[in-house]
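Read through the structure below, which is laid out as structure tokens, and then see the notes.
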Amino acid sequence: MAVSSAVSEKLRAQLEALPARPGVYLFRNAKGEVIYVGKAARLRERVRSYFGAPHSLEPKTYALRQQIDDLEYIVTNNAAEALLLEAALIKRHQPLFNVRLKDDKRYPYLRIDVQNPWPRVAIVRRVERDGARYFGPFASASSVRATLDLVKKLFPWRSCTKEITGKDPRPCLDYYIKRCIAPCTGYCTKEEYDEVIQQVILFLEGRAGDVLKRLTQQMEEAAERLDFERAAMIRDQIRAIQRTVERQTVATTKDEDADIFGIAREGDHACVQVFFVRGTQMIGRDHFVLEGVTGEADAAVLGSFLQQYYEGAQYVPRLVCVPFEPADREELEAMLAARRGARVEVRVPQRGEKRRLTALAGENAKETLSLLRVKWLTDSTKTERALEQLREELALPDIPRRIECYDNSNIQGTAAVSSMVVFVDGKPAPSQYRRFRVKTVTGADDFATMAEVLRRRFRRAARPEDGSQQPADAWELPDLVIVDGGKGQLNAALQAMRDVGAHDIPVVALAKRHEELYLPEEDEPLVLPRGSEALFLVQRIRDEAHRFALMYHRKVRGKAATQSALDTIPGIGPKRKKALLRKFGSVRAIREASIDEIAATVGFTRSLAERVKAML
């Protein structure tokens, strides 16, 4: 591919030196910050593709190219190695233009220091190459602590940090409540303690069935030695594990070793839900949040998540089920196989239990993302920051405490409606929402519809020219008006507001495609910083207006679909309509009836019957 003449001499020389080998490349900006990490089967062709003719580039790629000041690359032996290295570098640098596993570097793990003679289970935030066993990552501290508490209740490993000599005079309280087998006092052998740790490892791997088999065998052996106290203790442990396993959701009718993924995305964020299926049961689930997904295909988002997730995960199952095929599927399977030490299949289930579970994971991801966004809106610090950012970016005189957003909805001009949603201090105020049935516009004219709705809305808030007080039923004026659409909708809104004397209220238009804000008297749209609180707030307001408009449009359309031709006849109310339909059965039968037959209906006169006959 030919390199554009706009490329600097430094970059041009670097591009010429690129090898035709697999590897990873890093783009840096003028400050030296890594802004993008990518992989390639052939570095030379892939990297040069960013510097071709500008009109051939996607918007996100073009925005990236504008910031590239330097590049570097790392050659690998194959594409699978490049995939693994790319995931590690994205985690390390968190580049602005990559899909990023949010706050991944702080995800907690469970660590078992098996290299220690008397291992413990602990929570850590970093995976080291120290010979220990790690389990995770977990999405939050609460989920990892819940797992740790469960393991501690089921298996008597030591939680203390003291040096174990076996010569302590007496054990601690954990021994008496059966939470430890007291290696500190020599009450157990090294082999017995190692067996407890092995049971913990098996349980965390999801192999509870293997744990129960081993414990059952130990219980029987203790009973044969007439060590009934130990046999009873093991029996109680078995029952506790069985109760725990019974509470876990039955997922399949046959043994599986699979991770089931579902994904939902909205704006610049995505949420991935994972179900951990081991044996016939779902032993747990977790969710993860991704940033920087705007402009990326679904396959690329899912592929990037799987790379970053399994790059740090300490256990890789035999099967990975996904809702659709991720990007670089073959390289991903090779990477997972290298980590597992055996073949791993990435599958898109088409039917059966796995298909059901994948769909369920997707539904959970969607619900989780919705809850996370609601939680974000209740964070007063973030909403204040979003409003302040919005004031700065739009050059508003004050912080926009009251924001109104308008959206139209129709099908080829029929059942045209519009919605007005209100956000006060960055939070929705549903009691102040309004909806409009379009009255003066014929056909699908979005500009005229927007103008009509805004005229009607701001007439109720117009300040009287004589300086007198506003009417008692006047609506409160907003600090900012957002209309859904582009430059055309903005111009229509501005003209309508001038017509009713509301020209001093700031107005912007938000285009869906690239999340661009169109401002009055500015040719180029404003693009809010990706990942900013201001962008998220604007998207949330626009989405709420769209939801409210669509809900009203469905209601109007449904009412129109069930309307009878009799409803359009003057003088025919619900009672007379009911009387006609009870007598004749249908509008067609009424149309075929004589005037005398219609006039003989209860509640009808001959003149009314003639009107019905004429209009039908």
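The values are calculated or read from the model by the stated rules, or taken from the named source; none is laboratory data. For clarity, every value in this text was computed on a predicted model and none was experimentally measured. Ideal geometry is used to build each Cβ from the backbone, glycine not excepted, and the neighbour counts take in all protein chains shown.
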| message | It is to be established whether one or more residues within the stretch 375-387 are modelled with pLDDT of 90 or more, surrounded by 14 or more Cβ atoms within 10 Å (Cβ to Cβ), within 30 Å of G426 (Cβ to Cβ) and in contact with a helix residue (DSSP H, G or I) (Cβ under 8 Å, 6 or more places away or on another chain). | response | yes
| Any hit, the stretch 170-190, residues being in contact (Cβ under 8 Å) with a residue 60 or more places away in the chain and either part of a loop (DSSP other than H, G, I, E, B) or of a type outside the set (A, V, I, L, M, F, W, C) (or both) | yes
| message | Considering only residues that are surrounded by 11 or more Cβ atoms within 10 Å (Cβ to Cβ) and over 59 Å from the mean Cα position of the chain (by Cα), which ones fall in the stretch 581-601? | response | A593, I595, E597, I598, A599, A600, T601
| Candidates E311, E353, E333, E296, filtered to the one that is at pLDDT 90 or above and of a type outside the set (V, I, T) | E333
| Single condition Y175 does not satisfy, out of (1) hydroxyl-bearing (S, T, Y); (2) out of contact with any Leu (no Cβ under 7 Å at 6 or more places or on another chain); (3) at pLDDT below 80 | (3)
| field | Top-ranked residue in the stretch 425-457 [being among the hydroxyl-bearing types (S, T, Y) and within 29 Å of the chain's Cα centre (by Cα); ranked as nearest to L490 (Cα to Cα)] | value | Y433
| message | When the residues of the stretch 483-508 are narrowed to those that are without any contact (Cβ under 8 Å) to a residue 60 or more places away in the chain and closer than 16 Å to R402 by Cβ, which ends up surrounded by the most Cβ atoms within 10 Å (Cβ to Cβ)? | response | V507
| said: For the stretch 144-184, which positions are surrounded by 16 or more Cβ atoms within 10 Å (Cβ to Cβ) and among the polar types (S, T, N, Q)? | reply: T147
| Taking the stretch 267-280 as the search range and keeping residues that are in contact (Cβ under 8 Å) with a residue 40 or more places away in the chain and in contact with a Ser or Thr (Cβ under 8 Å, 6 or more places away or on another chain), which one is farthest from F97 (Cα to Cα)? | V277
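Rundown of residues vs (1) in the same structural domain as F305 (by TED's automatic domain parsing); (2) small (G, A, S); (3) modelled with pLDDT under 85; (4) over 26 Å from the mean Cα position of the chain (by Cα), yes/no style:
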{"site": "L84", "(1), (2), (3), (4)": "no, no, yes, no"}
{"site": "I90", "(1), (2), (3), (4)": "no, no, no, no"}
{"site": "K105", "(1), (2), (3), (4)": "no, no, yes, no"}
{"site": "Y109", "(1), (2), (3), (4)": "no, no, yes, no"}
{"site": "Q115", "(1), (2), (3), (4)": "no, no, no, yes"}
{"site": "W118", "(1), (2), (3), (4)": "no, no, no, yes"}
{"site": "V124", "(1), (2), (3), (4)": "no, no, yes, yes"}
| said: Report every pair of residues separated by at least 6 positions or lying on different chains whose Cβ atoms are under 7 Å apart, first residue within the stretch 334-361 and assigned by TED's automatic domain parsing to the domain that holds I260, second assigned to a helix (DSSP H, G or I) and hydroxyl-bearing (S, T, Y). | reply: L336/Y310; R339/Y310; P349/T358
| Would you say T147 is at pLDDT 85 or above and of a type in the set (S, T, N, Q)? | no
| For the subset of the stretch 55-82 comprising residues that are modelled with pLDDT under 80 and part of a loop (DSSP other than H, G, I, E, B), which member is surrounded by the most Cβ atoms within 10 Å (Cβ to Cβ)? | L57
